[in-house]
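Student: Have a look at this one.
The values are calculated or read from the model by the stated rules, or taken from the named source; none is laboratory data. Just so we're clear, the structure is a prediction, and the values are computed from it rather than from any experiment. Quick reminder, even Gly has a Cβ in these numbers, built from the backbone with ideal geometry, and neighbours come from all protein chains shown. Please note that ligands, DNA and RNA were not included when accessible areas were found on the heavy atoms of the full protein model with its side chains. Shrake-Rupley method; radii C 1.70, N 1.55, O 1.52, S 1.80 Å.
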Amino acid sequence: MSTLHSLALLLQSGDGGSSGAVLGALACVVLVLVSMWKVYTKAGQPGWAILIPIYNAYVLLKIVGRPGWWLLLLIIPLVNFIIAIVVNFDLARALGLTFLSPIFYIILGLGAAEYEGPAAA
């Protein structure tokens, strides 16, 4: 969750004048979390799974129809970038999700998109 990581870095900066930036970042994090929650529930998975590190990646792999052992590939540097692209591509069938994932999670989660299951191999 790079969004949460960015928020943590912003909070640690200690700059007292950036409370507006912190609130803006917090609002973005909440919006993305709500959207991801909706994506998971549309796919028939528990929405709360997005809140648990590692388990959320496992559930996402289940949603896109990839085997659970791919979770190991997500911890290997450089390989994880490729796997993330494949998983995001499987999820949305659109390259935009890879580069603008917070925006597209919002569109997928809060829009009218419906889960159709993993694509046939």
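Student: Is there any pair with a first residue in segment 42-58 that is on the phi < 0 side of the Ramachandran plot and a second that is surrounded by 14 or more Cβ atoms within 10 Å (Cβ to Cβ) and polar (S, T, N, Q) whose Cβ atoms are under 7 Å apart and which are 6 or more apart or on different chains, and what are they?
Tutor: That search, which allows pairs on different chains as well, returns G47/T41; A49/N56; I50/N56.
Student: Next question. Looking only at helices (runs of 4 or more DSSP H) that lie completely in segment 1-116, which have at least 2 residues being open to solvent by less than 80 Å² (accessible area, probe 1.4 Å) and at pLDDT below 75?
Tutor: 2-12, 96-99, 101-110
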